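The values are calculated or read from the model by the stated rules, or taken from the named source; none is laboratory data. Keep in mind the model is a prediction, meaning the values are calculated, not measured. No Cβ is skipped: glycine too gets one built from the backbone with ideal geometry, and neighbour counts run over all protein chains shown. In case anyone asks, the SASA skips ligands and DNA or RNA and just uses the protein heavy atoms, side chains included. Shrake-Rupley method; radii C 1.70, N 1.55, O 1.52, S 1.80 Å.
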Amino acid sequence: MTQELADKIEVISINDSKSETEEIGPIVPHERQIVDSIISIWKEDPSTENLGISKLHSIVKSKHSNWSISEKRIRQLLKKFGLSTNQEQFTYSKYITSELTFDIELPSKIQVVMTNKRGKCLYAKKSIKKGELIWNEIPLFFIPPLVNVKLIKNGSACSYCGKLLKQIETKSILKGLDCNICSEIWCSKECKLQNIELHNLLKHNLYNPNNKKSKLMDSNSFLELQDYCLEESWNALYAITLIYAQIILDKSGILKKQFNSMAKVSQDIRYKALNSSGGTFDNMNGGTLFIQEQQEILWNQGFEKFLKIFPKNPIDFKEFLFMMGTYNINNLDSNIYLIQSHLNHNCEPNLNVETDINRIKGIKVYASRDIKEGEELTTTYVNPIHTVNQRQRELRVNWGFICNCSKCINDLELNKRRKSSNGSNNQQNAKNIRNMLKETSKTIGENGIELNIPQDGNNGERRKSVRFDEKVVAVSN
Ligand SMILES: [Zn+2]
Ligand SMILES: [Zn+2]
Ligand SMILES: [Zn+2]
(Lines give C-alpha, C1' and ligand atoms only; values in the text may rest on other atoms or scores of the structure.)
(Ligands and ions follow the chains in the order given, each with its own letter.)
Protein backbone atom coordinates (compact mmCIF):
# COMPACT_ATOMS: atom_id res chain seq x y z
CA MET A 1 0.00 0.00 0.00
CA THR A 2 2.64 2.49 1.03
CA GLN A 3 4.71 1.51 -1.98
CA GLU A 4 1.76 1.85 -4.28
CA LEU A 5 1.09 5.28 -2.92
CA ALA A 6 4.70 6.30 -3.18
CA ASP A 7 4.77 5.27 -6.81
CA LYS A 8 1.78 7.41 -7.61
CA ILE A 9 3.24 10.35 -5.85
CA GLU A 10 6.64 10.14 -7.46
CA VAL A 11 5.10 10.53 -10.89
CA ILE A 12 4.25 14.14 -10.34
CA SER A 13 7.17 16.22 -9.36
CA ILE A 14 6.11 19.37 -7.68
CA ASN A 15 8.41 22.29 -7.65
CA ASP A 16 11.44 20.22 -6.87
CA SER A 17 14.44 22.39 -7.26
CA LYS A 18 17.02 19.80 -6.33
CA SER A 19 17.12 16.18 -7.16
CA GLU A 20 17.21 14.06 -4.07
CA THR A 21 18.56 11.10 -5.94
CA GLU A 22 22.12 12.26 -5.58
CA GLU A 23 22.02 11.84 -1.86
CA ILE A 24 23.52 8.67 -0.54
CA GLY A 25 21.30 6.89 1.86
CA PRO A 26 19.96 5.98 4.20
CA ILE A 27 20.47 9.08 6.30
CA VAL A 28 18.91 10.29 9.51
CA PRO A 29 17.68 13.80 8.72
CA HIS A 30 18.01 16.70 11.09
CA GLU A 31 14.73 17.76 12.70
CA ARG A 32 14.80 21.07 10.88
CA GLN A 33 15.10 19.29 7.53
CA ILE A 34 12.06 17.23 8.36
CA VAL A 35 10.01 20.21 9.43
CA ASP A 36 11.10 22.09 6.32
CA SER A 37 10.06 19.20 4.14
CA ILE A 38 6.65 18.91 5.79
CA ILE A 39 5.97 22.62 5.49
CA SER A 40 6.97 22.64 1.84
CA ILE A 41 4.59 19.72 1.23
CA TRP A 42 1.81 21.72 2.87
CA LYS A 43 2.64 24.80 0.90
CA GLU A 44 2.62 22.91 -2.37
CA ASP A 45 -0.77 21.51 -1.59
CA PRO A 46 -2.60 22.94 1.40
CA SER A 47 -5.09 20.07 1.40
CA THR A 48 -2.28 17.82 2.64
CA GLU A 49 -2.44 19.70 5.92
CA ASN A 50 -5.43 17.61 6.81
CA LEU A 51 -3.75 14.27 6.21
CA GLY A 52 -3.03 12.01 9.13
CA ILE A 53 0.49 11.21 10.27
CA SER A 54 0.84 7.99 8.29
CA LYS A 55 -0.10 9.60 5.00
CA LEU A 56 2.14 12.55 5.69
CA HIS A 57 4.91 10.08 6.48
CA SER A 58 4.44 8.36 3.10
CA ILE A 59 4.71 11.64 1.25
CA VAL A 60 7.85 12.64 3.13
CA LYS A 61 9.33 9.22 2.38
CA SER A 62 8.42 9.51 -1.28
CA LYS A 63 10.26 12.79 -1.50
CA HIS A 64 13.28 11.60 0.43
CA SER A 65 13.53 7.89 -0.17
CA ASN A 66 16.91 7.74 1.58
CA TRP A 67 15.63 9.23 4.81
CA SER A 68 15.38 6.97 7.77
CA ILE A 69 12.39 8.36 9.60
CA SER A 70 9.47 6.94 11.55
CA GLU A 71 5.89 8.08 11.86
CA LYS A 72 6.51 8.53 15.53
CA ARG A 73 9.30 11.02 14.89
CA ILE A 74 7.07 13.02 12.57
CA ARG A 75 4.38 13.13 15.22
CA GLN A 76 6.85 14.30 17.86
CA LEU A 77 8.28 17.01 15.63
CA LEU A 78 4.89 18.39 14.64
CA LYS A 79 4.12 18.70 18.29
CA LYS A 80 7.45 20.20 19.19
CA PHE A 81 7.15 22.92 16.54
CA GLY A 82 3.54 23.71 17.27
CA LEU A 83 2.44 22.42 13.90
CA SER A 84 -0.09 19.78 14.77
CA THR A 85 -3.68 20.83 14.74
CA ASN A 86 -5.71 20.48 17.95
CA GLN A 87 -2.71 21.65 19.86
CA GLU A 88 -2.30 24.59 22.16
CA GLN A 89 -0.26 27.02 20.05
CA PHE A 90 1.66 30.09 20.98
CA THR A 91 -0.29 33.29 20.49
CA TYR A 92 0.71 36.78 21.53
CA SER A 93 -2.38 38.90 21.13
CA LYS A 94 -2.50 39.16 24.91
CA TYR A 95 0.84 40.98 24.80
CA ILE A 96 -0.37 43.58 22.32
CA THR A 97 -1.29 46.84 24.00
CA SER A 98 -2.70 50.05 22.60
CA GLU A 99 -3.88 53.45 23.69
CA LEU A 100 -6.50 55.81 22.36
CA THR A 101 -5.13 57.44 19.26
CA PHE A 102 -3.82 60.92 19.64
CA ASP A 103 -5.28 63.63 17.42
CA ILE A 104 -7.26 61.50 15.00
CA GLU A 105 -9.99 62.78 12.72
CA LEU A 106 -12.49 60.10 11.78
CA PRO A 107 -14.92 59.91 8.89
CA SER A 108 -18.43 60.88 10.00
CA LYS A 109 -19.87 57.38 9.92
CA ILE A 110 -17.33 55.60 12.08
CA GLN A 111 -16.08 55.64 15.64
CA VAL A 112 -13.25 54.07 17.63
CA VAL A 113 -14.19 51.68 20.40
CA MET A 114 -11.69 50.39 22.96
CA THR A 115 -12.19 46.77 23.92
CA ASN A 116 -10.38 44.67 26.48
CA LYS A 117 -9.85 41.68 24.32
CA ARG A 118 -9.29 43.08 20.88
CA GLY A 119 -7.84 46.51 21.59
CA LYS A 120 -8.99 49.38 19.42
CA CYS A 121 -11.75 48.69 16.90
CA LEU A 122 -13.73 50.71 14.40
CA TYR A 123 -17.52 50.60 14.45
CA ALA A 124 -20.19 51.96 12.13
CA LYS A 125 -22.10 54.84 13.74
CA LYS A 126 -24.62 54.79 10.91
CA SER A 127 -25.62 52.21 8.36
CA ILE A 128 -23.40 52.09 5.29
CA LYS A 129 -24.41 50.91 1.82
CA LYS A 130 -22.49 48.29 -0.12
CA GLY A 131 -19.92 49.94 -2.41
CA GLU A 132 -19.90 53.21 -0.49
CA LEU A 133 -16.53 54.95 -0.15
CA ILE A 134 -16.17 55.32 3.61
CA TRP A 135 -12.84 57.10 3.69
CA ASN A 136 -9.54 57.58 1.97
CA GLU A 137 -6.28 58.40 3.60
CA ILE A 138 -2.66 58.98 2.77
CA PRO A 139 0.02 57.18 4.78
CA LEU A 140 0.99 58.52 8.17
CA PHE A 141 4.42 57.09 7.47
CA PHE A 142 5.29 56.51 3.89
CA ILE A 143 7.98 53.91 3.23
CA PRO A 144 9.38 53.63 -0.30
CA PRO A 145 9.99 50.09 -1.50
CA LEU A 146 13.38 48.92 -0.26
CA VAL A 147 13.95 47.11 -3.54
CA ASN A 148 13.95 50.45 -5.36
CA VAL A 149 16.78 51.88 -3.29
CA LYS A 150 19.41 51.01 -5.89
CA LEU A 151 17.42 52.77 -8.59
CA ILE A 152 16.88 55.75 -6.33
CA LYS A 153 20.61 56.02 -5.74
CA ASN A 154 21.47 56.30 -9.40
CA GLY A 155 18.61 58.64 -10.24
CA SER A 156 16.35 56.18 -12.08
CA ALA A 157 13.61 56.29 -9.46
CA CYS A 158 12.08 59.09 -7.40
CA SER A 159 14.07 59.63 -4.24
CA TYR A 160 10.89 59.88 -2.20
CA CYS A 161 8.16 57.74 -3.67
CA GLY A 162 10.39 55.24 -5.48
CA LYS A 163 8.48 55.63 -8.73
CA LEU A 164 10.54 54.58 -11.73
CA LEU A 165 11.57 57.49 -13.92
CA LYS A 166 11.73 57.23 -17.66
CA GLN A 167 14.63 58.63 -19.58
CA ILE A 168 12.64 61.69 -20.61
CA GLU A 169 11.65 62.35 -17.06
CA THR A 170 15.22 62.58 -15.98
CA LYS A 171 15.18 65.81 -17.95
CA SER A 172 13.33 66.96 -14.87
CA ILE A 173 16.77 67.96 -13.75
CA LEU A 174 16.07 71.04 -15.83
CA LYS A 175 12.92 71.61 -13.83
CA GLY A 176 14.85 71.66 -10.59
CA LEU A 177 13.75 68.27 -9.41
CA ASP A 178 17.27 67.00 -8.91
CA CYS A 179 19.37 67.22 -5.78
CA ASN A 180 22.16 69.80 -5.77
CA ILE A 181 24.45 67.54 -3.88
CA CYS A 182 23.87 63.93 -4.81
CA SER A 183 22.63 62.15 -7.93
CA GLU A 184 19.10 61.56 -6.68
CA ILE A 185 16.00 62.96 -8.41
CA TRP A 186 12.36 63.47 -7.47
CA CYS A 187 9.42 62.75 -9.77
CA SER A 188 7.43 65.84 -8.78
CA LYS A 189 7.51 69.06 -6.81
CA GLU A 190 5.30 67.44 -4.19
CA CYS A 191 7.73 64.61 -3.67
CA LYS A 192 10.69 66.94 -3.44
CA LEU A 193 8.96 69.29 -1.04
CA GLN A 194 7.78 66.48 1.14
CA ASN A 195 11.15 64.82 1.29
CA ILE A 196 13.93 67.40 0.93
CA GLU A 197 14.50 68.07 4.62
CA LEU A 198 14.76 64.41 5.51
CA HIS A 199 16.81 63.76 2.41
CA ASN A 200 19.39 66.36 3.38
CA LEU A 201 19.62 65.07 6.91
CA LEU A 202 19.82 61.39 6.06
CA LYS A 203 21.83 61.45 2.88
CA HIS A 204 24.35 64.29 3.01
CA ASN A 205 27.03 64.64 5.58
CA LEU A 206 27.66 68.31 4.99
CA TYR A 207 30.11 69.76 7.40
CA ASN A 208 29.59 73.36 8.24
CA PRO A 209 32.69 74.67 10.06
CA ASN A 210 30.71 77.59 11.50
CA ASN A 211 28.20 75.30 13.03
CA LYS A 212 29.44 73.94 16.32
CA LYS A 213 26.34 71.91 16.94
CA SER A 214 26.67 68.23 16.26
CA LYS A 215 24.49 66.76 13.60
CA LEU A 216 20.99 65.52 14.30
CA MET A 217 21.46 62.51 12.02
CA ASP A 218 24.56 60.86 10.69
CA SER A 219 24.18 60.33 6.98
CA ASN A 220 27.14 57.99 6.51
CA SER A 221 25.58 55.71 9.06
CA PHE A 222 22.23 55.95 7.32
CA LEU A 223 23.69 55.05 3.94
CA GLU A 224 25.46 52.14 5.56
CA LEU A 225 22.22 50.94 7.15
CA GLN A 226 20.41 51.30 3.86
CA ASP A 227 22.91 48.98 2.15
CA TYR A 228 22.73 46.58 5.07
CA CYS A 229 18.91 46.41 4.86
CA LEU A 230 19.17 45.71 1.14
CA GLU A 231 21.68 42.96 1.74
CA GLU A 232 19.55 41.33 4.40
CA SER A 233 16.23 42.14 2.69
CA TRP A 234 15.29 43.63 6.00
CA ASN A 235 12.32 45.87 5.27
CA ALA A 236 11.30 46.43 8.85
CA LEU A 237 14.65 47.87 9.91
CA TYR A 238 14.67 50.22 6.93
CA ALA A 239 11.09 51.26 7.70
CA ILE A 240 11.55 51.96 11.40
CA THR A 241 14.67 53.98 10.63
CA LEU A 242 12.68 56.23 8.28
CA ILE A 243 9.83 56.39 10.78
CA TYR A 244 12.11 57.35 13.63
CA ALA A 245 13.80 60.02 11.51
CA GLN A 246 10.39 61.53 10.75
CA ILE A 247 9.41 61.38 14.40
CA ILE A 248 12.57 63.26 15.35
CA LEU A 249 11.94 65.89 12.68
CA ASP A 250 8.36 66.46 13.76
CA LYS A 251 8.63 69.31 16.24
CA SER A 252 4.94 69.13 17.13
CA GLY A 253 5.50 65.69 18.69
CA ILE A 254 2.25 64.44 17.17
CA LEU A 255 3.84 61.75 15.01
CA LYS A 256 5.55 60.28 18.02
CA LYS A 257 2.35 60.20 20.06
CA GLN A 258 0.44 58.67 17.19
CA PHE A 259 3.00 55.96 16.59
CA ASN A 260 3.17 55.19 20.29
CA SER A 261 -0.57 54.82 20.62
CA MET A 262 -0.75 52.14 17.94
CA ALA A 263 -1.21 48.48 18.72
CA LYS A 264 2.17 47.69 20.18
CA VAL A 265 4.18 44.51 20.60
CA SER A 266 7.84 43.60 20.86
CA GLN A 267 9.44 41.80 17.96
CA ASP A 268 10.98 39.17 20.23
CA ILE A 269 7.50 38.15 21.37
CA ARG A 270 6.38 37.83 17.77
CA TYR A 271 9.42 35.75 17.05
CA LYS A 272 8.28 33.11 19.53
CA ALA A 273 5.23 32.44 17.39
CA LEU A 274 7.41 32.25 14.34
CA ASN A 275 9.74 29.82 16.00
CA SER A 276 6.86 27.60 16.97
CA SER A 277 6.00 27.35 13.28
CA GLY A 278 9.36 25.96 12.35
CA GLY A 279 10.38 29.43 11.21
CA THR A 280 9.57 28.74 7.61
CA PHE A 281 6.98 31.45 7.42
CA ASP A 282 9.52 34.10 8.06
CA ASN A 283 10.23 35.02 4.49
CA MET A 284 12.25 37.94 5.72
CA ASN A 285 15.08 36.07 7.25
CA GLY A 286 15.58 32.98 5.26
CA GLY A 287 13.37 30.34 6.68
CA THR A 288 13.57 27.44 8.97
CA LEU A 289 17.25 27.29 9.58
CA PHE A 290 17.17 30.78 10.93
CA ILE A 291 17.27 29.99 14.59
CA GLN A 292 16.89 32.14 17.66
CA GLU A 293 20.58 32.85 18.31
CA GLN A 294 21.16 34.00 14.77
CA GLN A 295 18.10 36.16 15.03
CA GLU A 296 19.43 37.86 18.14
CA ILE A 297 22.78 38.54 16.52
CA LEU A 298 20.98 40.14 13.60
CA TRP A 299 18.80 42.31 15.83
CA ASN A 300 21.85 43.49 17.72
CA GLN A 301 23.67 44.32 14.52
CA GLY A 302 20.68 46.23 13.21
CA PHE A 303 20.29 48.07 16.50
CA GLU A 304 23.91 49.18 16.50
CA LYS A 305 23.61 50.57 12.98
CA PHE A 306 20.32 52.25 13.85
CA LEU A 307 21.77 54.00 16.93
CA LYS A 308 24.70 55.45 15.00
CA ILE A 309 22.31 57.39 12.78
CA PHE A 310 20.66 59.21 15.68
CA PRO A 311 23.47 60.32 18.02
CA LYS A 312 21.24 62.83 19.81
CA ASN A 313 18.18 60.65 20.16
CA PRO A 314 19.24 57.21 21.33
CA ILE A 315 16.69 54.57 22.26
CA ASP A 316 17.27 51.36 24.13
CA PHE A 317 17.24 47.87 22.64
CA LYS A 318 13.87 47.10 24.16
CA GLU A 319 12.27 50.11 22.53
CA PHE A 320 13.93 49.20 19.25
CA LEU A 321 12.28 45.77 19.33
CA PHE A 322 8.96 47.39 20.18
CA MET A 323 9.26 49.72 17.21
CA MET A 324 9.93 46.80 14.94
CA GLY A 325 7.10 44.65 16.32
CA THR A 326 4.71 47.59 16.17
CA TYR A 327 5.66 48.35 12.61
CA ASN A 328 5.25 44.73 11.63
CA ILE A 329 1.74 44.31 12.98
CA ASN A 330 0.47 47.68 11.76
CA ASN A 331 1.83 48.26 8.29
CA LEU A 332 -0.21 47.83 5.17
CA ASP A 333 1.83 47.29 2.06
CA SER A 334 4.77 48.63 4.10
CA ASN A 335 3.13 52.00 4.82
CA ILE A 336 1.49 52.99 8.08
CA TYR A 337 -2.04 54.42 8.06
CA LEU A 338 -3.58 56.14 11.04
CA ILE A 339 -7.22 55.12 10.61
CA GLN A 340 -6.82 51.88 8.71
CA SER A 341 -4.49 50.48 11.36
CA HIS A 342 -7.45 50.39 13.75
CA LEU A 343 -9.20 47.72 11.72
CA ASN A 344 -9.46 44.22 13.09
CA HIS A 345 -9.32 41.12 10.98
CA ASN A 346 -12.09 38.92 9.63
CA CYS A 347 -11.68 36.26 6.92
CA GLU A 348 -14.92 37.60 5.42
CA PRO A 349 -14.43 41.32 5.95
CA ASN A 350 -17.11 43.93 5.39
CA LEU A 351 -14.59 46.39 3.98
CA ASN A 352 -12.59 46.45 0.83
CA VAL A 353 -9.31 48.38 1.11
CA GLU A 354 -7.91 49.54 -2.21
CA THR A 355 -4.35 50.71 -2.58
CA ASP A 356 -3.66 53.38 -5.19
CA ILE A 357 -1.13 52.40 -7.86
CA ASN A 358 0.63 55.57 -6.88
CA ARG A 359 1.50 54.45 -3.36
CA ILE A 360 1.91 58.01 -2.18
CA LYS A 361 -1.82 58.54 -2.69
CA GLY A 362 -2.64 55.92 -0.10
CA ILE A 363 -5.82 53.90 0.23
CA LYS A 364 -9.56 54.04 -0.38
CA VAL A 365 -11.82 52.08 1.92
CA TYR A 366 -15.19 50.83 0.61
CA ALA A 367 -18.01 48.81 2.16
CA SER A 368 -17.93 45.35 0.55
CA ARG A 369 -21.52 44.74 1.67
CA ASP A 370 -24.27 46.60 3.51
CA ILE A 371 -23.12 47.43 7.01
CA LYS A 372 -25.55 48.00 9.86
CA GLU A 373 -25.27 50.70 12.45
CA GLY A 374 -23.28 49.35 15.41
CA GLU A 375 -21.46 46.70 13.37
CA GLU A 376 -17.70 46.36 13.65
CA LEU A 377 -15.72 47.26 10.53
CA THR A 378 -13.25 44.60 9.47
CA THR A 379 -10.56 44.00 6.91
CA THR A 380 -8.60 40.89 6.07
CA TYR A 381 -4.91 40.64 6.92
CA VAL A 382 -4.39 37.51 4.83
CA ASN A 383 -5.52 36.20 1.49
CA PRO A 384 -9.07 34.93 2.06
CA ILE A 385 -8.68 32.23 -0.59
CA HIS A 386 -5.96 30.50 1.43
CA THR A 387 -7.11 27.41 3.28
CA VAL A 388 -8.25 27.75 6.85
CA ASN A 389 -5.04 26.14 8.13
CA GLN A 390 -2.90 28.52 6.15
CA ARG A 391 -4.89 31.55 7.22
CA GLN A 392 -4.84 30.55 10.83
CA ARG A 393 -1.13 29.98 10.84
CA GLU A 394 -0.38 33.26 9.08
CA LEU A 395 -2.62 35.14 11.47
CA ARG A 396 -1.13 33.45 14.50
CA VAL A 397 2.46 34.04 13.46
CA ASN A 398 2.09 37.55 12.08
CA TRP A 399 -0.59 38.99 14.34
CA GLY A 400 -0.57 36.65 17.30
CA PHE A 401 -4.15 35.35 17.41
CA ILE A 402 -6.22 32.35 16.42
CA CYS A 403 -9.02 33.47 14.16
CA ASN A 404 -12.49 32.57 15.36
CA CYS A 405 -14.50 34.16 12.59
CA SER A 406 -17.49 32.27 11.27
CA LYS A 407 -15.69 31.39 8.04
CA CYS A 408 -12.88 29.74 10.01
CA ILE A 409 -15.33 27.88 12.23
CA ASN A 410 -17.23 26.59 9.20
CA ASP A 411 -14.09 25.64 7.31
CA LEU A 412 -12.66 23.78 10.29
CA GLU A 413 -15.93 21.92 10.72
CA LEU A 414 -15.84 20.92 7.05
CA ASN A 415 -12.28 19.64 7.42
CA LYS A 416 -13.26 17.56 10.38
CA ARG A 417 -16.14 15.98 8.52
CA ARG A 418 -13.97 15.28 5.50
CA LYS A 419 -11.38 13.66 7.69
CA SER A 420 -13.79 11.37 9.49
CA SER A 421 -15.47 10.29 6.26
CA ASN A 422 -12.07 9.44 4.78
CA GLY A 423 -10.66 7.70 7.76
CA SER A 424 -11.29 4.02 7.27
CA ASN A 425 -10.82 2.95 3.70
CA ASN A 426 -7.32 2.67 2.35
CA GLN A 427 -8.36 2.43 -1.25
CA GLN A 428 -10.44 5.50 -0.81
CA ASN A 429 -7.44 7.25 0.71
CA ALA A 430 -5.21 6.36 -2.18
CA LYS A 431 -7.82 7.67 -4.54
CA ASN A 432 -8.10 10.89 -2.60
CA ILE A 433 -4.39 11.41 -2.71
CA ARG A 434 -4.30 10.73 -6.42
CA ASN A 435 -7.06 13.24 -6.98
CA MET A 436 -5.40 15.69 -4.75
CA LEU A 437 -2.18 15.40 -6.67
CA LYS A 438 -4.01 15.77 -9.93
CA GLU A 439 -5.58 18.92 -8.60
CA THR A 440 -2.23 20.15 -7.47
CA SER A 441 -0.59 19.66 -10.81
CA LYS A 442 -3.45 21.53 -12.41
CA THR A 443 -3.02 24.42 -10.06
CA ILE A 444 0.67 24.53 -10.64
CA GLY A 445 0.23 24.30 -14.36
CA GLU A 446 -2.01 27.28 -14.56
CA ASN A 447 -0.93 29.84 -12.10
CA GLY A 448 1.92 28.47 -10.13
CA ILE A 449 1.41 28.15 -6.46
CA GLU A 450 1.73 30.73 -3.82
CA LEU A 451 4.29 29.30 -1.50
CA ASN A 452 4.89 32.18 0.78
CA ILE A 453 3.12 34.72 2.80
CA PRO A 454 3.23 37.61 0.40
CA GLN A 455 5.81 40.22 1.02
CA ASP A 456 4.87 43.80 0.63
CA GLY A 457 3.35 43.27 -2.77
CA ASN A 458 0.45 45.13 -4.26
CA ASN A 459 -1.85 42.17 -3.91
CA GLY A 460 -3.88 43.78 -1.20
CA GLU A 461 -2.65 41.45 1.48
CA ARG A 462 -1.44 42.84 4.64
CA ARG A 463 1.51 41.06 6.00
CA LYS A 464 2.53 43.42 8.68
CA SER A 465 0.87 46.48 9.92
CA VAL A 466 1.71 49.94 11.18
CA ARG A 467 0.23 53.42 11.75
CA PHE A 468 0.55 56.82 10.22
CA ASP A 469 -0.05 60.56 9.94
CA GLU A 470 -1.31 63.15 7.53
CA LYS A 471 2.05 64.57 6.69
CA VAL A 472 3.54 61.65 5.04
CA VAL A 473 3.42 61.19 1.35
CA ALA A 474 3.33 57.97 -0.59
CA VAL A 475 5.23 56.55 -3.51
CA SER A 476 4.38 54.58 -6.56
CA ASN A 477 6.13 51.88 -8.45
ZN1 LIG B 1 7.93 60.81 -6.37
ZN1 LIG C 1 20.87 64.57 -2.32
ZN1 LIG D 1 -11.08 33.60 10.15
Figure the gain on full extension for Q33 and F317 (residue separation times 0.36 nm, minus the Cα-Cα span) and round it to one decimal in nm.
99.0 nm
Please list, ordered by chain and number, the residues whose modelled amide H lies under 5 Å from the amide H of E375; skip anything fewer than 5 residues away on the same chain.
A124
Quote the charge dipole size of the range 294-424 about the Cα centre in Debye, to the nearest 20; the model charges only the Cβ of Lys and Arg (+1) and of Asp and Glu (-1).
380
Relative to 2.2 N^0.38 Å, what does the C-alpha radius of gyration of the range 359-409 come to as a ratio? Two decimals please.
1.37
To the nearest 10 square angstrom, what accessible area does C182 show with a 1.4 Å probe?
40
Between the range 293-360 and the range 90-155, the alpha-carbon center distance in angstrom
13
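Let's test the formula: R0 of 25 Å, r as the Cβ-Cβ distance of L249 and L106. What FRET efficiency results, to the nearest 0.05?
Efficiency computed from Cβ-Cβ geometry: 0.45.
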In whole percent, the fraction of accessible protein surface over the range 53-203 that belongs to carbon or sulfur atoms, probe radius 1.4 Å, stands at 52
In whole percent, the fraction of accessible protein surface over the range 308-368 that belongs to carbon or sulfur atoms, probe radius 1.4 Å, stands at 50
Which FRET efficiency value, to the nearest 0.05, do you get for K364 and E296 by plugging their Cβ-Cβ distance into 1/(1 + (r/R0)^6) with R0 = 30 Å?
0.15
How many percent of Cα pairs in the range 37-91 exceed 17 Å?
34
Quick check on my link table: of K55/K407; K175/K312; K251/K361; K163/K372; K117/K407; K150/K215, which ones sit more than 31 Å apart, alpha carbon to alpha carbon?
K175/K312; K163/K372
Explain nothing, just the number: dipole magnitude of the range 95-158 about its Cα centre with +1 on each Lys and Arg Cβ and -1 on each Asp and Glu Cβ, in debye rounded to the nearest 20.
320
